[in-house]
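Q: Just dropping this structure here.
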2 protein chains.
Amino acid sequence: MLAVPALTITARDAGSRARAGVLRTAHGEVRTPAFVPLATKATVKGMLPAEVAALGYDIVLGNTFHLFLDPGHERIARLGGLHEFMGWSGPIVTDSGGFQVFSMGHGTVADEIKGRTPHGGHRQGGILAIEERGVRFRSYLDGSERFMAPETSMEIQAALGSDLALVFDECTPLNVPRDYTARSTERTHRWLRRCLDWHHEHGPDGQLVYGIVQGGVFEDLRLESAQAVAASECDGIAIGGSLGAEKAEMHTVVDWTTAALPEDRPRHLLGIGEIDDLVRGVELGIDTFDCAMPTRLGRHGMVLVPDPGRRWRVDLSQARWKDSDEPLMDGCPCPACALGLTRGYLRYLAHARELTGMRLFTLHNLAFVERVMRRLREAIGAGTLAAEAAALRSGAAP
Amino acid sequence: MLAVPALTITARDAGSRARAGVLRTAHGEVRTPAFVPLATKATVKGMLPAEVAALGYDIVLGNTFHLFLDPGHERIARLGGLHEFMGWSGPIVTDSGGFQVFSMGHGTVADEIKGRTPHGGHRQGGILAIEERGVRFRSYLDGSERFMAPETSMEIQAALGSDLALVFDECTPLNVPRDYTARSTERTHRWLRRCLDWHHEHGPDGQLVYGIVQGGVFEDLRLESAQAVAASECDGIAIGGSLGAEKAEMHTVVDWTTAALPEDRPRHLLGIGEIDDLVRGVELGIDTFDCAMPTRLGRHGMVLVPDPGRRWRVDLSQARWKDSDEPLMDGCPCPACALGLTRGYLRYLAHARELTGMRLFTLHNLAFVERVMRRLREAIGAGTLAAEAAALRSGAAP
């Protein structure tokens, strides 16, 4: 944790909470607002580090839970830490593992959190016990019993040597009673304290620690949580957990939360990355976002296009593109677009599950999202965010 | 077919049949001897066209059989031909589809041909009938009945617009009686005639046609076949079929064959690409080689290293590399080696089946093979092939 704020705000939008700035970390600066590509298992899937940087990305996100189970944080530490291990010399944020641990416990929490699959309540997956001390669970890799406490998560992230660590939280799903959410959020606050205490004692110099605001879809719980996290000495604040069943509700939850956050600390919105959500999040004062969307969609033949009517995406694996001589998108600098490859060819690669297709679509999607973020950053600086946001929402090419 | 020879020989080795030269095609020149990476389904798996070229490769090989079944040669023709379809502007060779069609008929012919899996005789796979007219078989994609005759293969390759087409042959497996091989080889010669006749009438201007020498492991059949193919007006000559159960036998079969081939036509060795086989093949006067080995091995975590005792390969997915801080190889310009990534990290990527690993290993293996070929080319020009071949055989880094 740092004595001085990690974020320098260089421009503010007059008509919204949006701000542009520079987030300083031990491995360099992040221009904000920024999207953070996932490097879940110590690599952005299919991409070389230099390619991620060349697209304009300053920072990537490694996954504490997966790296803990395999290859193990101690092994990564012996091999020089996560930066050296994966050959990425820029900033790295690591999530806490809370989301993944509780995903197992809450069944399809990943879907529930995004409101996609309503469930009646809890189901026990790989979780053996959720206790005040921490969580016991079985490894999805070998069935071995593992334990993760707030201190464990911080210890793993310390060993990984990430620039930004996230505190360990319980990620409560959408469809649980308010009472469960309230108790869970209070425990998350106690765990925040334990994380910060561990980090104060043992954490690496220069590693920033982000607290996490929980509270589900309940305004008072979100406000309480925002205040509790803001009252701690964390360097930045992340917004996590269930953000609602629909986009509008998610935007409302983020609105409540950022309204209650201090101005001087960086804010991260966890697991959100659709184009309209990025635009709205920036307006609401979010500095960084992470999401599997651009990379995961790409691996399944889905590519981003400036078309809000289709949620900015086209499924190239569909038969309708078989004979198409259309390019993917005009004006995009990614290899598929720059080479003028036809949708007919790209459809063939997607349908045949060719590695080259997964890679081309990942490159395209990451290029698309980076250019959206760049336009938003530049618009904040130029005082034109309202017009830029309207243009992007209505389908302007980034 | 061309009036002038496609190959210009620029240097000959004094102590062997090796020669270096330039193969001229409608889409540019190929520096020989050369390895041809597979672009089976209109892409070198995981690689962008510019990356393949940047490694030093002049030419890639597309697969007639697979492209016929999906997306179909007519569709590729409508989308501008194979070069434009896949975004590769350099030379392309297409195989005839014979190997794949007969692989289905002969069971595991792919293994048998390389002597890996001895079988007692024929098994019927997807083949419905092998007739003088051609072969009826079922598509492995949708079970539909398809037919491929020599003329069909040439028509497909004409539609694809490849620079080098291979004639349709029966690829006889290793473990069939001499009598079957003799009859099959004679049919291959009749099919050669039909292919050349079709191409003479309908083939695209500037497309080179290679005949294929068959004859199994029988010296007299190989000689007869070499003479029959050489007597035709084909532009180049490929060596196919069963080359023996062991490397030494394969080298002997190639030795018989190239001794009987005319000097002025380019020679291609089908499906061969291990390091010692490339070295020996060059000494025996082969100009071009293709093989799935470097790319396929890479996708399975196997990387090439200068170590003849381990067949020039290391299996990175093995647990022994878990804690290794060794680099993959010194002096290699590929990204994995240039970044100094540890075998520990690469093992993790291989074990987790990460796309990035498949890509890094493919890049490394293709870089390795290209540098072997470059050293052999340069050594022929410099009159130092014997020393160079000895060095590579004994484990010198390429």
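Read-outs: derived from the displayed coordinates by stated rules, not from any lab. What you are looking at is a predicted structure, and each value in this text was computed from that prediction instead of being measured. Don't worry about glycine lacking a Cβ; one is built from the backbone with ideal geometry, like all the others, and counts go over all protein chains shown.
Q: When the helices in chain A are scored as -39500 (n - 2.57) per DSSP H run of 4 or longer and the sum is shared across all residues, what 222 nm value do you end up with, to the nearest 500 deg cm²/dmol?
A: -12500 deg cm²/dmol, from helical runs alone.
Q: Compute the Cα gyration tensor for the protein assembly as shown, then decide on rounded, prolate or oblate, letting a ≥ b ≥ c be the square roots of its eigenvalues: rounded whenever a/c is under 1.5, prolate when a/b is larger than b/c in the other cases, and oblate in all that remain.
A: Note, shape of the protein assembly as shown comes out prolate.
Q: So for the pair A:GLU74, A:GLU145, with labels modelled 7 Å out along Cα→Cβ, what separation do we get in nm?
A: 1.9 nm
Q: Related question: From the label point of A:GLY331, set 7 Å from Cα along Cα→Cβ, how far away are the matching label points in the other copies, in nm, ordered shortest to longest?
A: Counterpart label points of A:GLY331 in the remaining copies fall at 5.0 nm.
Q: Related question: Which Cys in chain A stand alone, with every other cysteine's Cβ at 4.7 Å or more from theirs?
A: A:CYS171, A:CYS195, A:CYS234, A:CYS291, A:CYS334
Q: Still on this structure, I have one more. Relative to a virtual label point 7 Å from the Cα of A:ARG353 in the Cα→beta-carbon direction, which members of the stretch A:295-324 show backbone nitrogen distances below 12 Å?
A: So the set is A:300.
Q: Can you list the copy-to-copy distances for A:GLN318, using a point 7 angstrom from Cα toward Cβ, in nanometres, shortest first?
A: Those label-point separations list as 4.9 nm.
Q: Sticking with this structure for a sec: If the elastic network links every pair of Cα atoms under 10 Å, which of A:LEU243, A:LEU79, A:LEU270 fluctuates the most in the Gaussian network model of chain A?
A: The residue with the greatest mean-square fluctuation here is A:LEU79.
Q: Just want the ordering: B:THR252, A:THR342, from fewest to most Cβ atoms lying within 10 Å of their own Cβ.
A: In order of increasing Cβ crowding within 10 Å: B:THR252, A:THR342.
Q: Would you please classify the overall shape of the stretch B:151-219 from the alpha carbon gyration tensor, given that a ≥ b ≥ c denote the square roots of the eigenvalues, rounded means a/c under 1.5, and beyond that prolate means a/b larger than b/c while oblate covers the rest?
A: prolate
Q: Also, quick follow-up: Report, by chain and number, residues whose modeled amide H sits under 5 Å from the one on B:THR25, excluding near sequence neighbours (fewer than 5 apart, same chain).
A: Residues meeting the criterion, in which the H sits 1.01 Å from N, are B:VAL30.
Q: If you don't mind, there's one more thing I want to ask. Can you work out the Karplus-derived ³J(HN,Hα) for every residue in the stretch A:46-56? Use 6.51 cos²θ - 1.76 cosθ + 1.60 with θ = phi - 60°, whole Hz, and x for glycine or proline.
A: Going residue by residue, I get x, 10, 7, x, 5, 6, 5, 5, 5, 6, x Hz, with x marking Gly and Pro.
Q: Looking at the stretch B:334-398, which trypsin sites (Lys or Arg not before Pro) are in a loop (DSSP not H, G, I, E or B) and have at most 14 other Cβ atoms within 10 Å?
A: Passing both the DSSP loop test and the Cβ count: B:ARG353.
Q: I've got another one for you. For B:LEU79, what is the net charge nearby, where nearby means another residue's Cβ is under 12 Å from its Cβ and Lys, Arg count +1, Asp, Glu -1?
A: Net local charge, B:LEU79 excluded: 0.
Q: Something else now. What nm distance separates the two modelled labels at A:ALA396 and B:VAL22, each placed 7 Å from Cα along Cα→Cβ?
A: If labels sit at A:ALA396 and B:VAL22, their model points lie 5.1 nm apart.
Q: Under a 5 Å amide H to amide H cut-off, with H placed in plane at 1.01 Å, what residues pair with B:ARG267 once short-range neighbours are removed?
A: Answer set, sorted by chain and number: B:ILE237, B:ASP287, B:THR288.
Q: While we're looking at this one, here's another question. For every other residue with a beta carbon closer than 12 angstrom to the beta carbon of B:ALA248, add +1 if it is Lys or Arg and -1 if Asp or Glu, then tell me the sum.
A: -3
Q: Something else about it: Just need the relative contact order of chain B here, percent rounded to a whole number, with Cα pairs under 8 Å and 6+ apart.
A: 17 percent
Q: Relative to a virtual label point 7 Å from the Cα of B:ARG374 in the Cα→beta-carbon direction, which members of the stretch B:314-339 show backbone nitrogen distances below 11 Å?
A: B:332-334
Q: A further question follows. Output wanted: per-residue J couplings in Hz (rounded whole) for the stretch A:198-203, from phi through Karplus 6.51 cos²θ - 1.76 cosθ + 1.60, θ = phi - 60°, x for Gly and Pro.
A: With coefficients 6.51, -1.76 and 1.60, one gets 4, 5, 4, 7, 10, x Hz.
Q: Could you give, in nm with one decimal, how far B:ALA387 is from each other copy of that position, shortest first, with labels 7 Å out from Cα toward Cβ?
A: Taking the point 7 Å beyond Cα along Cα→Cβ, the inter-copy spacings are 7.0 nm.
Q: Here's another thing I want to ask about it. With the cut-off at 26 Å, tell me which of the pairs B:LYS247/B:LYS322; A:LYS247/B:LYS45; A:LYS41/A:LYS247; A:LYS45/B:LYS41; A:LYS45/B:LYS322; B:LYS41/B:LYS247 have Cα atoms farther apart than that.
A: B:LYS247/B:LYS322; A:LYS247/B:LYS45; A:LYS41/A:LYS247; B:LYS41/B:LYS247
Q: Using the Cα centre of the protein assembly as shown as origin and beta-carbon charges of +1 (Lys, Arg) and -1 (Asp, Glu), tell me which of B:GLN100, A:VAL217, A:TYR180 is placed farthest towards the positive end of the dipole.
A: So the residue we want is A:TYR180.
Q: Would you work out which of B:ALA352, B:VAL303, B:THR258 lies farthest towards the positive end of the dipole of the stretch B:250-361, given +1 charges on the beta-carbon of Lys and Arg and -1 on that of Asp and Glu, about the Cα centre?
A: B:ALA352
Q: For chain B, give the magnitude of the charge dipole about the Cα centre (Cβ charges: +1 Lys/Arg, -1 Asp/Glu; no others), in debye to the nearest 20.
A: 920 debye
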